[in-house]
């Protein structure tokens, strides 16, 4: 049986540079589909394009309008291909209107001198020692992840008491477990709750306007991760005048930084 993520990710060729797909009820959000799945679908169009060169280095998705339930089309067009890099334009449309736009950089990675600087926090409790986040009463996509919060979670304890910061730390993996790949890593980068929810300890209208993912892993590192949990961290730098940023990181079970992400979110209070 196909994993729900793979079912949702499925695209069909619809001519030169064009692919069609359908939103999945399994990844439904409060309005339209989960933004991480939209990002994964747009990236997948480039990855299954016959002209593809290399693996993802970066992906930016701008959410121009709510994606309606139903069919969509993705245009994935390579704008320039060099010896080892490839630049892509990505457009998702419904009924002739663009609902999301994006760009991607793919590249053939070559062995070089390397050095990590961002370090996974020390002393974090193990995945198995934490309780699984309840999913009842939340949008369907929440059920597609096994989330176990260290701090900055979201749940029934949203009491409206403002917190000193918006820091979230958690373990997560696909539910049911699924080997990690580039689309699922991109999707997981959108798993963090809106920063206003965490900071203000209450739910209010909020959503992602734009998201960028930087991939720090090659295919071999993703294969080594397999279906083990990822460790994630996110926080805002500034929340002001209806918009806030979010900086996030996802580490492997072995403590290797696999992806970092930046978002801008709108919010209402």
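The values are calculated or read from the model by the stated rules, or taken from the named source; none is laboratory data. These numbers come from a predicted model, not from an experiment. Please note: Cβ atoms are built from the backbone with ideal geometry, for glycine as well, and neighbour counts cover all protein chains shown.
When region 116-161 is filtered for residues that are in a loop (DSSP other than H, G, I, E, B), at pLDDT 95 or above, under 20 Å from residue 227 (Cβ atoms) and under 22 Å from the mean Cα position of the chain (by Cα), only 120 remains. Of the residues making up region 61-97, those that are loosely packed, with under 15 Cβ neighbours inside 10 Å, part of a strand (DSSP E or B) and in contact (Cβ under 8 Å) with a residue 12 or more places away in the chain are 71, 85, 97. If you go through region 226-254 and keep only what is out of contact with any strand residue (DSSP E or B) (no Cβ under 9 Å at 6 or more places or on another chain) and part of a strand (DSSP E or B), you end up with just 240. Residues that are modelled with pLDDT of 95 or more, assigned to a loop (DSSP other than H, G, I, E, B) and surrounded by fewer than 17 Cβ atoms within 10 Å (Cβ to Cβ) within region 18-51 comprise 48, 50, 51, listed in sequence order. Among the residues of region 183-209, those that are within 18 Å of the chain's Cα centre (by Cα) and either free of Cβ contacts under 8 Å to residues at least 40 places away in the same chain or not in a helix (DSSP H, G or I) (or both) comprise 189, 190, 191, 192, 193, 194, 206, 207, 208, 209.
Scoring residue 113 on the criteria (1) surrounded by fewer than 19 Cβ atoms within 10 Å (Cβ to Cβ); (2) free of Cβ contacts under 8 Å to residues at least 40 places away in the same chain; (3) part of a strand (DSSP E or B) leaves a single failure, condition (3).
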